[in-house]
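Notes to accompany the following structure.
Each reported figure results from applying straightforward, stated rules to the coordinates on display, with no laboratory input. No experiment lies behind these values; they were computed from the predicted model shown. Every residue, glycine as well, gets a Cβ built from its backbone with ideal geometry; the counts of neighbours run over all protein chains shown.
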Amino acid sequence: MKRSNRRVRFGVPAVALALALVGAATAGLVAHSTTAVTRVTVTETEYHLTFSRKTFAPGAYIFIALDKGKIAHSLAISGPGIKEKQLSGNVNPGGARPLTVTLRDGKYTVWCPVPGHAGRGMKATITVGKGGAGATTTKQKSGWG
């Protein structure tokens, strides 16, 4: 009986302390993760990009490259503060991969960097902030892939 009382006497406070520490750690993580990240799906098909949102404000974004085509695609972006950021490798048909960026006010170019794809229509311009006209797909005959 004495052993049982000792376990209760020392075990309960130890469990309570452990739970308190876990709670404090969780609260600390939540406090540090106050930056909102906006998720945008970029649906890729042969040879077109479609964005899940039409307007963009400055901030952190996760662009999800969703390949709904029959061949592999990828995703790249450049604009204010981003020289060129792209997925490493390709997204296979039916697959999806994230690309995380922070956007500022201005115009950005988003495209599929697979050779030949941007030139066939997989290129868009997005405007962030004031005058945010959203995403516009532009077809180019030369200079892209």
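Please sort 55-61, 89-95, 42-48 by packing, taking for each peptide the average over its residues of neighbouring beta carbons within 10 angstrom, highest first.
Packing order, densest peptide first, comes out as 42-48, 55-61, 89-95.
Using a basic spin-label model with each label point 7 Å from the Cα along Cα→Cβ, how many nm lie between Ala72 and Ala60?
3.0 nm
Go through Lys54/Lys85; Lys85/Lys107; Lys107/Lys130; Lys83/Lys123; Lys83/Lys107 and tell me which ones have a Cα-Cα distance over 18 Å in this structure.
Lys54/Lys85
Taking the alpha-carbon distance from Lys68 and a cut-off under 19 Å, which aspartates and glutamates remain once sequence neighbours fewer than 8 residues away in the same chain are dropped?
Of all the aspartates and glutamates, those that pass the test against Lys68 - Cα under 19 Å, at least 8 places apart if same chain - are Glu44, Glu46.
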